[in-house]
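Contents: one structure, followed by commentary.
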Amino acid sequence: MKRIERLVIHCTATPEGREVTAADIRRWHCSPAPVGRGWRQVGYTDIIHLDGSVERLVDNNEDPFVDSWEVTNGARGYNGTSRHIVYVGGCDRNGKPKDTRTQAQKDALLSYVKDFKAKYPWADVCGHNELDPGKDCPCFDVRKEFGI
C-alpha cells in the first residue's frame, strides 16, 4: 500500500458522441487478446459518461492510500500511487485526437477534481500525456484547465 500521489485524467479515445459502457471498458482491458489487453484490472477507477454521470469501475476505500486491490492500469509505472478517471470521447469522427467533452462532462470532471483535491490536497492532478509523452490522452491541457 502506497500513498496517493496523483489523479490521472484519461479519455476513452472514442469518437465524439459515441457512448461507452463499463462493460466496453472491461472487455477492452480485461478480455484476452485479440479482443482485449488481457489485464487483470481495468485502467480507471471511474468513468464520466456523455451526460456527466460518474460511474465507479473499481471500488476503493477512499483513504489516502492505494491498496493492492485498488490498483488500476491507467499509466505504466504510476499505477500503484495513482487514481485514474476517464471521460468518454477524445477523438473526432475521423479518429484524430480532440477534446470532445460535453459541458456536462466538463462540469462533472471539475467537480471530481475539486473533491479529489479536497480529500488529497498534496496530490497532483495531471493528464495521461504528462506521464507518457507519446500519448495525446486526454486531449486537453489538464494543468491549464484546472489552474495547476
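The values are calculated or read from the model by the stated rules, or taken from the named source; none is laboratory data. Quick caveat: nothing in here was measured; it's all calculated off a predicted structure. Heads up, the Cβs are rebuilt from the backbone with ideal geometry, glycines too, and the neighbour counts pull from every protein chain shown. Each accessible area value is taken on the protein alone, full model and side chains, heavy atoms only, with ligands, DNA and RNA left out. Shrake-Rupley method; radii C 1.70, N 1.55, O 1.52, S 1.80 Å.
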Item to check | 222 nm mean residue ellipticity, helices alone, for the chain (DSSP H n ≥ 4; -39,500 (n - 2.57); rounded to 500) | outcome: -6500 deg cm²/dmol
Checklist entry - How high is the relative contact order of the chain, given as a whole-number percent (alpha carbon pairs under 8 Å, six or more residues apart)? => result 33
Checklist entry - the stretch 16-112: which trypsin sites (Lys or Arg not before Pro) are DSSP loop and have at most 10 other beta-carbon atoms within 10 angstrom? => result Arg40, Arg76
Checklist entry - Leaving out ligands, DNA and RNA, what percent of the accessible area of the stretch 48-148 is carbon and sulfur, probe 1.4 Å? => result 48
Checklist entry - Roughly how many Å² of Phe65 are accessible to a 1.4 Å probe, to the nearest 10? => result 80
Checklist entry - Rank Asp67, Asp141 by accessible area, highest first, at a 1.4 Å probe radius? => result Asp141, Asp67
Checklist entry - Past the 19 Å Cα-Cα mark, which pairs from Lys2/Lys117; Lys114/Lys135; Lys98/Lys144; Lys96/Lys144; Lys106/Lys144? => result Lys114/Lys135; Lys96/Lys144
Item to check | Accessible area of the stretch 1-120 divided out per residue, in Å², using a probe of 1.4 angstrom | outcome: 50
Next on the checklist: Using a Debye calculation, one point per C-alpha and no hydration shell, please list log10 I(q)/I(0) for the stretch 1-75 at q = 0.13, 0.16, 0.26 Å⁻¹ in order.
Outcome noted: -0.42, -0.63, -1.34
Next on the checklist: Just to be sure I understand, if you calculate Cα extents along the principal axes in Å for this structure, which of [x] 40, 38, 29; [y] 49, 33, 28; [z] 46, 28, 24 do you get?
Outcome noted: [x]
